[in-house]
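Encoded as structure tokens, the structure appears first; notes follow it.
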Amino acid sequence: MIRVKINQLQEGCILAADVIGKTKKTIIPKNTVLTPLLLNVLEKFLIEDVYVEPVLANGQPFRPLEIIEVKKESDEQNNESTEDIMALYLKAVQRYKKAFQSWQSGSPIDVGEIRSIIIPLLDRFIDNRTELLTLYRYTTKEDYLYHHAVCIGLLSGFLGKHLNYGKGACYQIALAGILCDCGMAKINEKIIMKKSALTAEEYKEVKEHTILGYKMVQKIPVLQEGVKLAVLQHHERNDGSGYPFGINDKQIHPYSKIVSVADVYHAMVSERLYRKKESPFKALEQIQVDNFGKLSMEVIQILLNHLTMFLVGTKVKLSNGEMAEIVFVQREEPTRPIVKTVDGNEFISLSEQRHLFIEEVIYSSEMDGE
């Protein structure tokens, strides 16, 4: 990470540490992608300098004219630092974006290129739960579609591993994830980049992306049939309420069920052009309620288990902005532990205080290595 004066910052810079105000409270948390509005917030709070990553959200290097300090993480577990992992992810998103734009121009899918984007990345992230489950923080509204595809691929491969699929199958599931929305390249660009909610007619057109995507992958011999079916079926639901065909549980391929959960989860926790993001913990609660009988509860449970592998002492940010520390995890509701506020030393049971929820994990010893 590097420390720079705020006049050196630009849109797309990624905070490498929490920005703390004069009152010792967090103004903007670590891993936030800076927007013009947030740059203005830093000025209003009279912040002089901040720590940022040496790479921008678009994958390009950040080269300020003046650097106050270069800081390396002392508890680095691998030869390559967290910044390197993040840079690989951001570059992968830009490579996918380039591939997607080529599909929009009529080029066929180059599976070799897609494999080279997702497989090395999956190898890096599959055993790094904390980094993988916080990638949503880097999603920008403008590049949502490309972040979404790469993250679905990574999440799907990760979930596949914990469903006890072999390494080769996990790679295929990851390919299913990153390719599931390839058909969006054949949808009117004005619709997919629209900044307001879609009309009924526009939504009807968007729903065609599953069939269009299947046609794009149907004749690629190196892809397993399950991958092709996941592209076609990832919006189908167990109760028959999905699309394009309204099939039910027994007709949906297992790969499709994995990709469906990754797709719904990442869409909910990401900033989009016409919809605000949800907390991962609130999103999972909502998925359990709204999609009961629709999505695979087995896959949802695996995602829930890994997201809520809290240790006592984990620092979190609550939905009211307060910082707190987890003191007891309740097995029945792992997204709603008992916490103690950092400032007031007040004990709060989130299972009883339903209006409050965990916004995000700020620090856990899990972050020091798996």
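The values are calculated or read from the model by the stated rules, or taken from the named source; none is laboratory data. Since the model is a prediction, treat every value here as computed from it, not as a measurement. Cβ placement follows ideal geometry from the backbone for every residue including glycine, while neighbour counts extend to all protein chains displayed. Accessible surface is based on the protein model in full, side chains and every heavy atom, while ligands, DNA and RNA are left aside. Shrake-Rupley method; radii C 1.70, N 1.55, O 1.52, S 1.80 Å.
Here's the yes/no breakdown for (1) touching a Cys at 6+ places or on another chain (Cβ under 7 Å); (2) at positive phi; (3) modelled with pLDDT of 90 or more:
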position: Glu271; (1), (2), (3): no, no, no
position: Met309; (1), (2), (3): no, no, no
position: Gly321; (1), (2), (3): no, yes, no
position: Val339; (1), (2), (3): no, no, yes
position: Ser349; (1), (2), (3): no, no, yes
position: Glu352; (1), (2), (3): no, no, yes
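If you check Tyr171 against the conditions, is it closer than 16 Å to Val111 by Cα and at pLDDT 95 or above? The answer is yes for Tyr171.
In the range 112-138, the residues that are touching a residue at least 60 places away in the same chain (Cβ under 8 Å) reach residues that are open to solvent by 30 Å² or more (accessible area, probe 1.4 Å) and part of a helix (DSSP H, G or I) with C-beta atoms within less than 6 angstrom, at least six apart or across chains, in these pairs: Ile117/Arg95; Thr130/Glu366; Thr130/Met367. Going by what's in this entry, would Leu65 be described as hydrophobic (A, V, I, L, M, F, W, C) and either in contact with a Pro (Cβ under 8 Å, 6 or more places away or on another chain) or at pLDDT 90 or above (or both)? Here the answer is no, as Leu65 does not meet what is asked. Of (1) under 25 Å from Lys276 (Cβ atoms); (2) of a type in the set (A, V, I, L, M, F, W, C); (3) under 16 Å from the mean Cα position of the chain (by Cα), Phe100 satisfies all except one. Which? Here Phe100 meets the rest and fails (3).
Looking at this structure, is Lys257 within 17 Å of Ile300 (Cβ to Cβ), open to solvent by 40 Å² or more (accessible area, probe 1.4 Å) and either in a helix (DSSP H, G or I) or of a type in the set (A, V, I, L, M) (or both)?
Details: within 17 Å of Ile300 (Cβ to Cβ): yes; open to solvent by 40 Å² or more (accessible area, probe 1.4 Å): yes; either in a helix (DSSP H, G or I) or of a type in the set (A, V, I, L, M) (or both): yes.
In short, yes.
You will find that of Ile220, Ile247, the residue that is open to solvent by 20 Å² or more (accessible area, probe 1.4 Å) and touching a residue at least 60 places away in the same chain (Cβ under 8 Å) is Ile220 and no other.
If you go through the range 297-356 and pick out every residue that is part of a strand (DSSP E or B), open to solvent by 30 Å² or more (accessible area, probe 1.4 Å) and either among the basic types (Lys, Arg) or in contact (Cβ under 8 Å) with a residue 40 or more places away in the chain (or both), you end up with 4.
Considering only residues of the range 24-43 that are out of contact with any Cys (no Cβ under 6 Å at 6 or more places or on another chain) and part of a loop (DSSP other than H, G, I, E, B), which is farthest from Leu135 (Cα to Cα)?
First, the residues of the range 24-43 that are out of contact with any Cys (no Cβ under 6 Å at 6 or more places or on another chain): 24-33, 35-43.
Applying the additional criterion that residues be part of a loop (DSSP other than H, G, I, E, B) yields 24-25, 29-32, 35.
Details: Lys24: 27, Lys25: 24, Pro29: 14, Lys30: 12, Asn31: 9, Thr32: 11, Thr35: 17 Å.
Here the answer is Lys24.
Scanning the range 21-76 for residues that are of a type in the set (Gly, Ala, Ser) and in contact (Cβ under 8 Å) with a residue 60 or more places away in the chain yields a count of 1. When the range 264-295 is filtered for residues that are in a loop (DSSP other than H, G, I, E, B), open to solvent by less than 20 Å² (accessible area, probe 1.4 Å) and hydroxyl-bearing (Ser, Thr, Tyr), the ones remaining, listed by number, are Ser270, Ser279.
For the range 7-23, a residue qualifies if it is part of a loop (DSSP other than H, G, I, E, B) and open to solvent by less than 40 Å² (accessible area, probe 1.4 Å), and the qualifying residues are Leu9, Gly12, Cys13, Ala16, Ala17, Gly21.
Just so you know, in the range 68-101 the residues that are at pLDDT below 90 and not in a loop (DSSP other than H, G, I, E, B) include one that is surrounded by the most Cβ atoms within 10 Å (Cβ to Cβ), and it is Met86. The number of residues in the range 16-43 being under 17 Å from Ile67 (Cβ atoms) and touching a Phe, Trp or Tyr at 6+ places or on another chain (Cβ under 7 Å) comes to 2.
The residues of the range 225-240 that are in contact with a Gly (Cβ under 9 Å, 6 or more places away or on another chain) and open to solvent by 50 Å² or more (accessible area, probe 1.4 Å) amount to a single one, Asp239.
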